[in-house]
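Report on the following structure.
The values are calculated or read from the model by the stated rules, or taken from the named source; none is laboratory data. These numbers come from a predicted model, not from an experiment. When we count neighbours, we look across all protein chains shown, and the Cβ atoms used for this are built from the backbone with ideal geometry, even at glycine.
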Amino acid sequence: MNDQVKWGVIGSGGIAQRRTIPEGIIPAGNSELISVYDIDPEVNAAVASKFNVTGSGNIEELLNSGVDAVYVASPVNVHKDQVIVCAKAGKHVLCEKPLGLTIDEADKMIEICQDEGVLLGTGFMMRFLAQHELARVMISEGKLGELVYGRAQLSCWYPPIPGAWRQDPSIGGGGSLVDMGSHCIDLLQMYFGKIKKLCCFLNNNIHSYKSEDSAVVSLFFENGSIATVDTYFCIPDNSSKNALELYGSKGSIIAKGTLGQGDSGEMIAYLDEDQAGYDAQQQARQDGGGMAVDPEPVNTYMAEIEEFSNAILEKREPKNNSNLGLQNMKVIAACYESAKTGRIVEINF
């Protein structure tokens, strides 16, 4: 393997050809794309030609093409079987979230990968955004004081599309909550720690497909802080600013456009060095001020591939590991239970 991890891709259409291959695997200094596979042979042939690699006719052929690791970006209902096949062939796997349709599926994937001695990672690339990482450091250094409240918003316009698997929960696991809310939940756990309990509301406000187009979640963390996630498939793209808001007893970090597939957005920190006393005059706020949180941008897809490849080369657990995926699935499952029962649901990690 030397200093290069040879990659294969299962599910070469969609996010793989749009983002992860051209922005992640191809430019990563420690990675090389070898082969791709997709259930649609025309799509796969086009992707293989575009990136000048082998287009495998099936998964077995891809696994025998000399790859060390496989990026799985197929519909969720086939993640479990594909990950297990890869693991039993001795290949490390970076799987898009969610890991499977159920917690039991995720547990089985993790168990098999451990038994076979291969790494299993989860595709939470938004963790690698430079601004998100710097915000984490600032919080860990106590810049915000005691954490109080967070909000993560990620929405888009996603109208009914024939055959779209994200619009059928039997294939994709759910709608806006699973597809976009999972990223929001993962980031909030990165900042606030483990979630203790939650309540969730789901709806189909505009679109009539089987998956939800609307989701709002209230999260209560073990440290006592509270957060909300709002994620919709029925809000026009330009109307949702994909806000991330982090509040503490000494200040806040407010961002727009950092959530998503880009490599940066706008992030401002409003910090008080010392906790102030009560001042009624200060209740009238003024716009402006604050400090830009503006580190050198990094491409999140390249960062997640490089991290997982480095973990393979260094024989260590990756930052984007399977435990993150399992924790996220437990939270998502609790959200659906809460929405179905109308109750607050506690989570046991």
- Test for Cys200: is it assigned by TED's automatic domain parsing to the domain that holds Tyr336, out of contact with any Leu (no Cβ under 6 Å at 6 or more places or on another chain) and either crowded, with 23+ Cβ neighbours inside 10 Å or under 24 Å from Tyr301 (Cα atoms) (or both): yes
- Message: Could you go through region 110-123 and let me know if any residue there is in a helix (DSSP H, G or I), of a type in the set (Gly, Ala, Ser) and surrounded by fewer than 23 Cβ atoms within 10 Å (Cβ to Cβ).
- Response: no
- Do we find that Gly260 is out of contact with any strand residue (DSSP E or B) (no Cβ under 7 Å at 6 or more places or on another chain) and on the phi > 0 side of the Ramachandran plot in this structure? yes
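Each row is one residue, and each column tells you yes or no for (1) modelled with pLDDT of 95 or more; (2) buried (at least 23 other Cβ atoms within 10 Å of the Cβ).
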residue: Val9; (1), (2): yes, yes
residue: Gly14; (1), (2): no, no
residue: Ile25; (1), (2): yes, yes
residue: Val36; (1), (2): yes, yes
residue: Gly55; (1), (2): yes, no
residue: Glu61; (1), (2): yes, no
residue: Lys80; (1), (2): yes, no
- Task: Please enumerate the residues belonging to region 63-78 that are surrounded by fewer than 24 Cβ atoms within 10 Å (Cβ to Cβ) and more than 16 Å from the chain's Cα centre (by Cα).
- Result: Leu63, Asn64, Ser65, Gly66, Asp68, Asn77, Val78
- Exactly one of Gly163, Gly193, Gly181, Gly224 is in the same structural domain as Gly257 (by TED's automatic domain parsing) and in contact (Cβ under 8 Å) with a residue 60 or more places away in the chain, and that residue is Gly181
- Within region 27-41, can one find any residue that is in contact (Cβ under 8 Å) with a residue 40 or more places away in the chain, more than 12 Å from Asp68 (Cβ to Cβ) and not hydrophobic (A, V, I, L, M, F, W, C)? yes
- Message: On the basis of being among the aromatic types (Phe, Trp, Tyr), under 24 Å from Arg136 (Cβ atoms) and out of contact with any Pro (no Cβ under 7 Å at 6 or more places or on another chain), does Phe233 make the cut?
- Response: no
- Item | Residues that are crowded, with 16+ Cβ neighbours inside 10 Å and either modelled with pLDDT under 95 or assigned to a loop (DSSP other than H, G, I, E, B) (or both), drawn from region 296-349 | Val298, Asn299, Pro318, Lys319, Asn320, Ile347
- Go through (1) farther than 25 Å from Asp168 by Cα; (2) within 22 Å of the chain's Cα centre (by Cα); (3) among the hydrophobic types (A, V, I, L, M, F, W, C); (4) surrounded by 23 or more Cβ atoms within 10 Å (Cβ to Cβ) one by one and return the number of the condition Phe128 breaks. (4)
